[in-house]
Amino acid sequence: MIRYTDHVIAELRECIKLESYDKIFAITDENTFAFIYEFIGAIVPHEQVIMVSAGDQHKNLQTAEIIWGQLAKMRASRKSLVINIGGGMVTDLGGFCASTYMRGIDFINIPTTLLSMVDASVGGKTGVNFGHLKNYIGTFAEPIAVIIQPNILKALPQEELKNGWAEIIKHGIIAGGELWELVNKGMPKIADTAAWKHIIALNIELKSKVVKVDKKEAGLRKVLNLGHTVGHALETAFLKHNDYLGHGKAVAAGMVMESFIALEMGLLPEEDASSIESAIDAVFERLDLADYNMQALLADMKGDKKNHFGSINMALPRNIGAVQYDILVTDSVILNALALYGKNTHQPQA
């Protein structure tokens, strides 16, 4: 259930009325806590707020164990509720912990970043990283509600908005039509809440339609992995170098490289490949991969969850408005795309 609101607490109270919970807990990170407790404190006692360290490097089993331990210590039961408040890291981690604690308790997601609004809070995926492997341990579990307050985006820095915009570009490539037109118009002004609400709603509508057909990623849902085979490998590589790469930046780079792959394989018209490249280069600087081993990146791609029988399978664009999944891609084509990406260092136009 997706709920849009200008008043999170009022909406949250309505959701909670639907069930009788013995205790209510909140999971958030140290960055979000500073500005959310003034309103969440009316519903969740301070001692029942579980705060975790910010950053994707903390989305792991060690942090999950801490959360489970605190829930057990505070005697959370199967009739308890967990409210996850934060970006995709928190909703992924909190949803995973709630869906596995006592074999599953109810949870609500309140996304506070653009990325988590359009992607991480929708679709029922939860998970944590396993070592350097992205989202390797997780469950399919739906929150009882996702509460979205678009005007909270005003508090986000530009870099965080861009992080979410990458997923909007991805959805635009998949859907075409109005969503792709909005992508090419660029990000709305931060104060234009109505425009942001419309864009968020279109993205959620697209993802919800796909997930409704294929909840557990047996087929159609794989189109949502556009940019992610390369993107996740890049995130893994940066983690190995003790460096942080935002998910959006990684996926943006992944979409550029995967459009190169689709072009070389004769799947994507040159005009559409150029449109994808231009839309991404208008917002994102190219990553500097000079210090990264391309064979190591290739090896990380082979560890991607979507692969089988040792092959690399990608979701690749066929044109603007059509993505094909389960396409076998050879090592040589991938390495060519990595090299081509490195030769072009466009700077963003805005």
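A short reminder: the numbers here are calculations on the coordinates, not readings from a lab. Not measured: the values here are computed from a predicted model. Glycine also receives a Cβ, built like all others from the backbone with ideal geometry; neighbour counts cover every protein chain displayed.
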With only Lys, Arg, Asp and Glu charged, each at its Cβ (+1 for the first two, -1 for the last two), find how big the charge dipole of the chain is about the Cα centre; round to the nearest 20 debye.
1080 debye
Label-to-label distance, nm, for residues given as Lys212 and Lys154 (7 Å Cα→Cβ offset):
3.3 nm
Simple spin-label model, 7 Å along Cα-to-Cβ: Glu178 to Arg103 in nm?
4.4 nm
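Restricting the count to DSSP beta bridges whose residues both fall in the chain, what percent are antiparallel, rounded to a multiple of 5?
30 percent
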Where in the chain are the DSSP H helices whose alpha-carbon span along the long axis reaches 20 Å or more and whose Kyte-Doolittle mean is at least -0.5?
158-175, 193-213, 247-264
In straight Cα distance, which lysines are under 26 Å from Lys209, not counting same-chain residues fewer than 8 positions off?
Lys125, Lys134, Lys162, Lys170, Lys185, Lys197, Lys222, Lys249, Lys305, Lys306
Lys/Arg +1, Asp/Glu -1 at C-beta; the range 2-155 dipole; positive extreme among Gly123, Pro150, Tyr21
Tyr21
When the chain is modelled as a GNM with alpha-carbon springs shorter than 10 Å, which of Ala262, Ala98, Ala296 fluctuates the most?
Ala296
P(r) over all Cα-Cα pairs of the range 2-155, 10 Å bins from 0 to the longest distance, whole percent per bin, short to long, reads 12, 47, 36, 6, 0
Okay, which of the range 1-42 sit inside 20 Å, backbone N to the point 7 Å along the Cα-Cβ direction of Gln62?
28-31
Using only the Cα atoms of the range 231-291, what are the Rg and Dmax in Å?
12.5, 38
By count of other Cβ within 10 Å, fewest leading, how are Phe25, Phe35, Phe238, Phe140 ordered?
Phe35, Phe140, Phe238, Phe25
Picking from Glu47, Glu258, Glu235, which is most flexible by a Gaussian network model of the chain using Cα springs under 10 Å?
Glu47
Using 7 Å Cα-to-Cβ label points, what is the Thr139/Ala194 separation (nm, one decimal)?
4.2 nm
So what does log10 I(q)/I(0) come out to for the range 155-302 at q = 0.10, 0.21 Å⁻¹, using the Debye formula with one equal point on every Cα and no solvent?
-0.36, -1.45
Could you pull out every one of the lysines with an alpha carbon less than 17 Å from that of Lys73, ignoring same-chain neighbours closer than 8 positions?
Lys23
Straight-line reach from Lys216: which aspartates and glutamates fall under 19 Å, measuring Cα to Cα and dropping same-chain residues less than 8 apart?
Asp92, Asp119, Glu142, Glu205, Asp304, Asp326
From the C-alpha gyration tensor of the chain, pull out the three semi-axes of the equivalent ellipsoid (sqrt of 5λ each), sorted largest to smallest, in whole Å.
34, 22, 18
Extension gain Asn319-Ser20, at 0.36 nm per residue separation less the Cα-Cα distance, in nm?
102.8 nm
